[in-house]
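Read-outs throughout are calculated quantities, based only on the coordinates presented, and are distinct from any laboratory measurement. Every value quoted in this text rests on a predicted model; they were computed, and no experiment measured them. Cβ: placed from backbone, ideal geometry, glycine included. Neighbour counts: every protein chain shown.
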Amino acid sequence: MGDLLTERAVLGVIATLAVLGLFVMLCRARRVSTSVEDAVMDMLHRMSRASSDLREGLTEEAANKATPHLREMLRCVAVGLTDADGTLLSWDGGAAEHYAPLREYVERSIREHQKEHVEHRKLDCELPGPCALHSAVIVPLFVEGDVAGTLIVVSGVANKRQVRMAEETARFVSTQLELEVLQKSRQALAQAEVKALRAQISPHFVYNALNTISSLIRTDPAHARELLQEFAEFTRYSFRTDGFFTTLSDELNNIHRYLTIEQARYGERLNVRLRVAPEVLQVVLPFLVLQPLVENAVRHGLAKKPGGGLLTITAEDNGAEALISVEDDGVGMDPDRLFDDLKDAHQTGAHVGLGNINNRMRSVFGDEYALVVETAPGAGMKTIIKVPKFSRGVRPNLTLVQPQEEPNTAEQPVIRA
């Protein structure tokens with residue numbers, strides 16, 4: 001659904017740019033004082049500003065910001081935007097007193113899902129002298145097949161070109177509103193996946209951590225206090241709600257807290273080696289994306305190996321990317337079995353952390369950033385993720401929205417024997 005919506009949105013933007021660009025060039029080419037290039041630049045600037053405003057959704061505030069740019073793009077008397085009930089959100093330009101008699105046509109446009117072309121003679125206008133409103137075109141705005149509102153274009157002349165421009169501008173506005181819905185859906189999906197990962201923070205880890213701390217209270221109270229502080233900081237970070245992304249530095253700090261507690265429990269059975277290039281510490285990646293990989297290595301790899309083993313966390317500079325791996329020399333597993341487990345992870349809960357992280361990486365950065373898992377029985381497991389050093393819209397303090405649907409776990413990471 002998201003891919004279809006994105007394709008439709010991109011095609012809508014391209015078509016609108018072409019029509020609006022042709023219209024402005026034809027109109028402004030007649031004005032000796034302004035070049036065609038300036039006209040096109042002005043139109044593109046207006047479209048860019050309107051796009052940014054409409055990405056906030058069809059609210060009164062967004063409409064008030066967008067309508068002046070839309071009116072300048074159309075070079076018309078006035079532009080209005082309404083919501084799905086026909087309530088006027090914003091009106092920029094003259095003839096505002098005519099909205100009341102236009103209301104019935106707005107409601108009919110919403111009800112019948114079609115444009116309305118209203119000439120001045122159809123309105124009950126009692127203004128003395130010539131009226132600025134010669135005609136008005138009302139076009140419904142569609143978002144995912146439903147009417148989200150209407151665009152009203154008031155003109156001092158009535159011709160087919162003005163009607164066509166109103167239709168193309170309505171398509172442009174609808175495209176921006178659909179992109180806003182798509183962005184919220186992606187963020188909602190991301191939030192749902194973060195909640196799923198939080199739910200996977202092992203209850204056994206919480207129980208064992210508290211049990212380890214309690215056992216040290218009498219024998220080593222200073223160490224117990226240290227571990228309790230680490231546990232408090234670990235849970236505070238893991239259950240924070242102020243952002244979807246974090247830095248590699250912050251994620252590694254939280255992993256340090258987790259491993260401090262686990263080493264108090266496992267002792268010499270858990271050895272850790274950390275190799276991190278300083279230049280990648282500020283790389284931004286999805287929140288809570290590494291800790292589940294480390295926990296998976298400890299619980300499923302090393303804890304089941306007699307005598308324990310070595311956990312290695314590596315973060316390297318790889319040109320435009322950071323290359324991060326979590327590797328253990330534990331029991332490993334059959335790659336075919338891991339693949340089968342991941343296919344049913346959303347149903348059984350097996351290895352849900354790996355599948356969840358894979359979905360988030362692909363959703364944020366693209367399919368080429370899927371997880372790579374290397375494993376074999378008795379050969380341990382290595383999980384590799386690539387993170388671009390720069391990606392549009394990715395920043396540490398991006399706020400999340402509330403989830404609308406459950407995450408899709410159909411696509412699997414690359415698994416190597």
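Within 15 Å, Cβ to Cβ, of D317, how many net charges do the neighbouring residues add up to if Lys/Arg are +1 and Asp/Glu are -1?
With Lys, Arg at +1 and Asp, Glu at -1, the neighbours total 0.
Which distance in nm do the two modelled labels at Q229 and L210 give, with both placed 7 Å along the Cα-to-Cβ direction?
2.2 nm
To make sure I understand, if each residue's beta carbon is the centre and we count other beta carbons within 10 Å, what order do S109, S215, S90 fall in, fewest to most?
Starting with the residue having the fewest Cβ neighbours, the order is S215, S90, S109.
Once phi is turned into θ = phi - 60°, what whole-Hz ³J(HN,Hα) does the Karplus curve with 6.51, -1.76 and 1.60 give for every residue of segment 262-276, x standing for Gly and Pro?
Once θ is set to phi - 60°, the couplings for segment 262-276 become 5, 5, 5, 7, 8, x, 6, 6, 10, 10, 10, 10, 10, 10, 10 Hz.
Please work out how much length the chain gains when fully extended from R299 to D220, using 0.36 nm per residue of separation minus the C-alpha to C-alpha distance, in nm with one decimal.
25.9 nm
Students often check this: by mean Cβ neighbours within 10 Å, which of 319-326, 219-226 ranks highest, and how do the rest follow?
Top to bottom by mean Cβ count within 10 Å: 319-326, 219-226.
Just want the ordering: E97, E180, E268, from fewest to most Cβ atoms lying within 10 Å of their own Cβ.
Sorted ascending by nearby Cβ count, the order is E268, E97, E180.
Within a 10 angstrom radius of the beta carbon, how do F365, F234 rank from fewest other beta carbons to most?
Exposure proxy ranking, most exposed first: F365, F234.
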